[in-house]
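Asker: Supplied in structure tokens, the structure appears directly below.
All of the numbers you see were taken from the coordinates with simple rules; none came from a lab. Because the structure is predicted, anything quoted here is derived from the model rather than measured. Counting neighbours? That spans all protein chains shown, and the Cβs are built from the backbone with ideal geometry, glycine included.
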Amino acid sequence: MHTSIEYLKGVGPQKAEILKSELNIFIYKDLIQLYPFKYIDKSKITGIRDIEVDSPNVQLRGRLTDIKAIGAKQAKRLSAILIDETGALELIWFKNYQYIFKSLKEGGIYTVYGKVTEFNGKLNISHPEIKLYEPADDSKGLVFEPVYPLTEKLKSRFMDSRYILSLVNQVMKSPQFDVEEYIPESVTKPLKLINRKAAIYHIHLPSSEKAQQAAVRRIKFDEMFTLAMRSEKSRVVRLLEKKGILMGQPGKLFNRFFHEHLKFELTDAQKRVIREIKEDVKSGKQMNRLLQGDVGSGKTIVALFCMLMSIDNGYQACMMAPTEILATQHYLTLKDLMEGLPVNLELLTGSTSKKKRVEILEALKEGTIHILIGTHALIEGDVEFRSLGLSVIDEQHRFGVAQRAKLWNKTEHKKPHVLVMTATPIPRTLAMTIHGELDVSVIDELPKDRKPVKTVHRVERLRAEVMEFLRQQVTLGRQVYIVYPLIEESKKLELNDLMNGYDTVTDFFPVPKYQISLLHGRLKPDIKDFEMKRFKNGITNIMISTTVIEVGVNVPNASVMLIENANRFGLSQLHQLRGRVGRGAEQSYCILMTRDEMNFASKKRIRTMCKTNNGFEISQADLELRGPGDVLGTRQSGLPDFKLLDLVTDDEIIDLAKRAAAFILKNDPNLALPENQALLNYLKQHQEDHFWGNVS
Ligand code: ADP
Ligand code: MG
């Protein structure tokens, strides 16, 4: 199976090159793992009379007549009429039509496959798959013809699905065709999984729909199962070997804060999550927990309770945030909340002065600092705690796995408990897949006093009206955010946009009658601080900013979020930004400004935002638009690109695979049993060696 594809008939050096560069196919094994994404059911021929608009996969058969080029220069195209016993239908080609023209035979019987569309009140198929019908084909018994995901380049060299199938067929007929079974029978039997070799065969050449489904199920299972083995393994290791810090009971600080300092009633969800964490930290095992909660659901206060628990039990705690603004804000918020409690809190970021830094590091080692808040400055090598008991990581999607791991090693003794907080609300199974080694808690409820933010879409024409609305709000004493997109590649452009925007805004809101803050990534940290504070303290009415304020910023009196060029933002970003308002008791508004014209995806994003405030629905729409790889940043998190498995819809298989992995490792944590050797070898070959190699 490691033979080079050049040994196959029909693959010369040039075609081999294309297969390699376009599809990453080098050897036989790669080839059989190019899975079809659909099949043409060759047994099913539809009569032209019976077709409907927008039916995606119809197969027709009839005589091709009237093949001719029509239309003037620009709009030139090829047209032909297909006639069967029930009716006639036009076929159209816009591209490559000269070549197609030459290849079609007037009067020939063709099998045609494609999507039916309606144009000027008439049905047609443009760019159908078309093939001269040969009755002999029928007897070959191929009912489902696979269609492979091919690139334009392949298509232009006539390397089509049939070509790929001919190669796959050669491999599957050759004596080398071998697909090793590595999942033990203890799993495949009860789950009724067909074996791998059969799965590969039937995914390319299914004898029936049922066979094809069984093949897909097996291959999807494999994709999840190997991943699940890996995360289950690290979980098992963590639970078996890594003793956690014992935090027996919440104590004085926890209770005092709860009874004397908390200004609101916790939501049921917050209480439940705190309970889950309590159970974890007194279990004697190391906690590694993901806390999911929509923006504004009150994750910070939950983190604070946990940090107090840590201090009550004689340990320090730290909290890491992705930006300096956010870290500073957490610091100020927590300091304020704990006013009067004997808790020593410090802030460490990239812009902490050298002198202060030295002081902090000293005090940390002595243990006189109880809580340290900061940016990734916390994970630098010389930051050492006397006894770190809990690390909280806020808005975790900004941090990679490697950075998280660094935090664990901040202390000599046992590993601290880890609480990772994220506002990317994704389905629970999906979360557990991606963060396989984490336990998951969810805050699925917003504080009761929240009024949903009213979201509207406005185009540039209505600018004056929008500004007038802002003025009304400012007059009522509310504060306003105006946000401009941040474009990574061209910081200059971004700054120009922002400064032009600033000019526009000051035209409407002349200084000094109105006070305006300006915030962007290039400002010095102390200036950022200053601007943020002025806004937070209500000195400025309007905050003009780039997306530096996207995450976590909390100014409850701000009630309007105006997003400029909203079409340039992604959905989760828009949702995060909107989450900056609606935090106080006042009705809040989010205004999405765009030009009149937008592409499909932008329209869909804007429409979704106007329709719902629910983070779960938004991330669902985002998943549909962009796919999980982009939404969750899974590439950087090390999640493989699945070929067949759909993280969004395949939750049943995901669940089965996870349970199978847990079952195997429960009985045989080191994969030492004879029946698990094939599995162990497979994992060793396909995952990091050390991971499966050095088990004690
Ligand atoms: P996020 O989950 O987005 O990080 P925060 O922790 O910043 O949300 O909380 C948002 C706001 O809601 C804060 O001002 C916080 O004090 C407030 N808050 C948190 N929990 C409650 C609650 N149970 N009732 C009322 N307000 C709450
Ligand atoms: Mg937050």
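Asker: Just the projected area, averaged over all directions, of the convex hull on the alpha carbon atoms of the chain: how many nm²?
Answerer: Details: hull surface 150.0 nm².
Mean projected area for the chain: 37.5 nm², to one decimal.
Asker: To the nearest Å, what is the center-to-center distance of the range 1-27 and the range 330-361, using C-alpha atoms only?
Answerer: What the calculation gives is 60 Å, centre to centre.
Asker: For the range 454-612, what is the number of Lys pairs with C-alpha distance below 16 angstrom, counting only pairs 8 or more positions apart or on separate chains? Spell out each step's value before the answer.
Answerer: Working: Lys454/Lys611; Lys491/Lys524; Lys524/Lys533; Lys528/Lys536; Lys603/Lys611.
Lysine pairs, 8 or more places apart or on different chains, close enough: 5.
Asker: For Phe101 and Ala678 in one chain, what is 0.36 nm times their gap in residues minus the Cα-Cα distance, to one decimal in nm? Before the final figure, lay out the partial values.
Answerer: Values: separation 577, 0.36 × 577 = 207.72 nm, distance 5.43 nm.
Extra length available between Phe101 and Ala678 comes to 202.3 nm.
Asker: Would you mind calculating the gained length between Phe177 and Val511 on full extension (0.36 nm times residue separation, minus the Cα-Cα distance), in nm to one decimal? Write out the running numbers ahead of the final one.
Answerer: Numbers: separation 334, 0.36 × 334 = 120.24 nm, distance 7.71 nm.
Taking 0.36 nm per residue and subtracting the Cα distance, the gain is 112.5 nm.
Asker: Could you run the Karplus curve 6.51 cos²θ - 1.76 cosθ + 1.60 with θ = phi - 60° over the range 184-198 and give me ³J(HN,Hα) per residue in whole Hz, x for Gly and Pro?
Answerer: Taking θ as phi minus 60°, the curve returns x, 4, 4, 9, 5, 4, x, 8, 6, 8, 6, 6, 5, 5, 4 Hz for the range 184-198.
Asker: Going by Cα centres, the range 29-93 and the range 548-626 are how many Å apart?
Answerer: 42
Asker: Show me, for the range 513-529, the HN-Hα J-couplings you get by feeding each phi into the Karplus relation (A = 6.51, B = -1.76, C = 1.60, θ = phi - 60°), rounded to Hz, glycine and proline as x.
Answerer: 4, 10, 10, 10, 9, 10, 9, 8, x, 8, 6, 5, x, 6, 6, 4, 3
Asker: Based on the mean of other beta carbon atoms within 10 Å per residue, what is the order of 572-579, 257-264, most packed first? It would help to have the intermediate numbers written out before the result.
Answerer: Working: 572-579: 24.2, 257-264: 11.9.
Descending packing order for the listed peptides: 572-579, 257-264.
Asker: List every residue whose amide H lies under 5 Å from the amide H of Leu348, counting only residues 5 or more places away in sequence or on a different chain, with H placed 1.01 Å from N in the peptide plane.
Answerer: Close amide H contacts, sequence-distant or interchain: Ile373, Gly374, Thr375.
Asker: Now, a different point. Quick one: which residues, 5+ away or cross-chain, put their amide H under 5 Å from the amide H of Leu388? H built at 1.01 Å from N.
Answerer: Under 5 Å from the amide H of Leu388: Gln316.
Asker: Could you give the length gained by full extension between Glu460 and Thr65, i.e. 0.36 nm per residue of separation minus their alpha carbon distance, to one decimal place? Each step should come with its number before you reach the end.
Answerer: Values: separation 395, 0.36 × 395 = 142.20 nm, distance 5.16 nm.
Length gained, Glu460 through Thr65: 137.0 nm.
Asker: At a Förster distance of 51 Å, what's the computed FRET efficiency of Lys131 paired with Leu495, Cβ-Cβ distance as r, to 0.05?
Answerer: Using R0 = 51 Å, I get an efficiency of 0.35.
Asker: If you don't mind, another one. What residue among Met561, Gly582, Asn496 has its Cα farthest toward the positive end of the dipole of the range 454-612, where the charges are +1 on Lys, Arg and -1 on Asp, Glu, each on the Cβ?
Answerer: The listed residue farthest towards the positive side: Gly582.
Asker: I need the peptides 591-597, 669-675 ranked by packing, meaning the mean over residues of other C-beta atoms within 10 angstrom, with the highest value on top.
Answerer: On the way: 591-597: 15.9, 669-675: 13.1.
Ranked by mean Cβ neighbours within 10 Å, highest first: 591-597, 669-675.
Asker: First check a/c for the range 454-612, with a ≥ b ≥ c the square roots of the eigenvalues of its C-alpha gyration tensor; if it is under 1.5, answer rounded, and if not, answer prolate when a/b is larger than b/c or oblate otherwise.
Answerer: Numbers: a/c = 1.39, a/b = 1.20, b/c = 1.16.
It comes out rounded by the Cα gyration axes.
Asker: Can I ask one more? Which of the listed residues, Leu60, Gly108, Ala72, is farthest toward the dipole's positive end in the range 43-141, when Lys, Arg count +1 and Asp, Glu count -1 at the beta-carbon?
Answerer: With unit charges placed on the Cβ atoms, the residue in question is Ala72.
Asker: Find the relative contact order for the chain and round it to a whole percent, using C-alpha pairs within less than 8 Å whose residues are 6+ positions apart. Before the final figure, lay out each step's value.
Answerer: Numbers: 1152 pairs, mean separation 83.0, N = 696.
Relative contact order of the chain: 12 percent.
Asker: Of all DSSP beta bridges in the chain, what percent run antiparallel (nearest 5)? If you can, show how the numbers build up before the last one.
Answerer: Details: 32 of 85 bridges.
Antiparallel bridges make up about 40 percent of those DSSP assigns within the chain.
Asker: Something else: For Asp655 and Phe616, what does the FRET efficiency come to when R0 = 22 Å and r is the distance between their Cβ atoms, rounded to the nearest 0.05?
Answerer: Numbers: r = 19 Å, r/R0 = 0.85.
With R0 = 22 Å, the Cβ-Cβ based efficiency is 0.70.
Asker: Compute the label zone of Tyr35 within the range 147-164: residues whose backbone N is under 17 Å from the point 7 Å along Cα-to-Cβ.
Answerer: The answer is 147-150, whose backbone nitrogens lie closer than 17 Å to the label point.
Asker: How large is ³J(HN,Hα) for each residue in the range 95-112, as worked out from phi by the Karplus curve 6.51 cos²θ - 1.76 cosθ + 1.60 (θ = phi - 60°), to whole Hz, x for Gly and Pro?
Answerer: So the Karplus estimates, Gly and Pro as x, are 10, 6, 6, 5, 5, 5, 3, 5, 7, 8, 10, 4, x, x, 8, 10, 9, 10 Hz.
Asker: Taking the simple approach of a point 7 Å from Cα along Cα-to-Cβ for both Phe94 and Glu445, what is their distance in nm?
Answerer: Distance between the two pseudo-spin positions: 5.3 nm.
Asker: Follow-up question, since we're still on this one. If you take the beta carbon distance between Tyr502 and Glu260 as r and set R0 to 30 Å, what does 1/(1 + (r/R0)^6) give as a FRET efficiency, to the nearest 0.05?
Answerer: Numbers: r = 44 Å, r/R0 = 1.47.
According to the calculation, E is roughly 0.10.
Asker: Counting only DSSP beta bridges with both residues in the range 454-612, what percent are antiparallel, rounded to the nearest 5? Intermediate results must be reported in sequence, preceding the final value.
Answerer: On the way: 0 of 23 bridges.
Among the beta bridges of the range 454-612, antiparallel pairing accounts for roughly 0 percent.
Asker: At 222 nm, what value in deg cm²/dmol follows for the chain if DSSP H runs of at least 4 each add -39500 (n - 2.57) and the sum is divided by all its residues, to the nearest 500? It would help to have the intermediate numbers written out before the result.
Answerer: On the way: 27 runs with 282 residues, N = 696.
Value at 222 nm, helices only: -12000 deg cm²/dmol.
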